[in-house]
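Report on the following structure.
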Amino acid sequence: SMCGGPRTTGQTQKTTLNDLSSLYFESKNLSNKCKSTDERQSKYNKYYRDTLGLHPINTITKSDVLQFRKAIQTQNLSNATVNNIMQLGSTIIGHAIHEEIFSGTNPFSNVGGLKVSNDRIRYLSHDEIKTLIDHVGDDNVLHLFTLLSVTTGGRLDTILNIKRKDINIGMATALPSG
């Protein structure tokens, strides 16, 4: 547990990225506990905790950051998602610099983002939606999933995470809490 945590730049010899992330998320949870903070914490745990997170912060180089990015690019993620993961690491170190916990330079700062296509996917026509719903057949779960998807425009994670408490039968709404 990093409750006390490293508070001075003199301790950065042993301070890891995981230590800095604990301080970052602790400060975020104190100021505003919200779904996006939980999602960022989860993303950190998934991609950083057992990799770059174990490294002492003062030993992480641009080369390490590029190697880390190359490793996460092998996980079949979009360039935008990879950029988002990289931005999280940069934000955590930037927070530590701002709070004067770390006095070095941010190794993420000179690593450019991957090219992201801003092309938009077209919407289904009413006839295409009807055809899609007709083709899901008798699978009740798939039918419900399809209806929720096409009527709300929600992303996959949003639809998959709808809970009973998010549904208001009287108002005929589904509002995922966050």
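The values are calculated or read from the model by the stated rules, or taken from the named source; none is laboratory data. Because the structure is predicted, anything quoted here is derived from the model rather than measured. We place every Cβ from the backbone using ideal geometry, glycine too, and count neighbours over all the protein chains shown. Note: areas computed on protein heavy atoms with side chains; ligands, DNA, RNA excluded. Shrake-Rupley method; radii C 1.70, N 1.55, O 1.52, S 1.80 Å.
In percent, what relative contact order does the chain have, based on Cα pairs under 8 Å that are 6 or more apart in sequence?
Contact order relative to length: 20 percent.
Treating only the Cβ of Lys, Arg, Asp and Glu as charged (+1, +1, -1, -1), what charge dipole size does the chain show about its Cα centre? Round to the nearest 20 debye.
Dipole magnitude for the chain comes out near 360 debye.
Can you tell me which lysines have their Cα less than 17 Å from the Cα of Lys28? Leave out same-chain residues fewer than eight positions away.
The qualifying lysines are Lys43.
Name the residue from Ser149, Asn168, His55 whose Cα lies farthest towards the positive end of the charge dipole of the chain, charges +1 on Cβ of Lys and Arg and -1 on Cβ of Asp and Glu.
Result: His55.
Rolling a 1.4 angstrom probe over the protein heavy atoms, how many square angstrom per residue are accessible across the stretch 15-145?
64
Under 27 Å Cα to Cα from Lys130, which lysines show up? Leave out anything in the same chain fewer than 8 places away.
Qualifying lysines at Cα under 27 Å: Lys163.
Using amide H atoms built in the peptide plane, which far-off residues or other-chain residues are under 5 Å from Gly154 H to H?
Residues meeting the amide H criterion: none.
Between beta-carbons, use under 13 Å as the cut-off and find the net charge around Glu128, counting Lys and Arg +1, Asp and Glu -1.
0
In the stretch 28-112, what GluC sites (Glu not before Pro) fall in a loop by DSSP, with at most 10 other Cβ atoms inside 10 Å?
Sparse-neighbourhood loop GluC sites (Glu not before Pro): Glu100.
7 Å from Cα along Cα→Cβ at both Asn118 and Thr105: what's the point-to-point distance in nm?
Rounded to a tenth, the inter-label distance reads 3.0 nm.
Just name one of Ser117, Thr15, Tyr44: the one whose Cα is farthest towards the positive end of the charge dipole of the chain (beta-carbon charges, Lys/Arg +1, Asp/Glu -1).
Highest projection toward the positive end goes to Thr15.
Ranking request for peptides 165-171, 46-52: highest mean number of other beta-carbon atoms within 10 Å first, then the rest in descending order.
Order by mean packing, descending: 46-52, 165-171.
Given Lys35/Lys165; Lys62/Lys115; Lys35/Lys115, which pairs have Cα atoms separated by over 22 Å?
Lys35/Lys115
With everything on Cα atoms, drop me the angle between helix 17-31 and the longest principal axis of the chain, reported from 0 to 90° to the nearest 10.
That works out to roughly 60 degrees.
What is the local net charge at Asp166, summed over the other residues whose Cβ is closer than 14 Å to its Cβ (Lys, Arg +1; Asp, Glu -1)?
Spelling it out: positives minus negatives among the neighbours equals +3.
How far is helix 126-135 tilted, in degrees, relative to the longest principal axis of the Cα atoms in the chain, given as a value from 0 to 90 rounded to the nearest 10?
With rounding to tens, the tilt is 90 degrees.
Helix-only mean residue ellipticity at 222 nm, the chain, DSSP H runs n ≥ 4 weighted -39,500 (n - 2.57), per residue, nearest 500. What is it?
-15500 deg cm²/dmol
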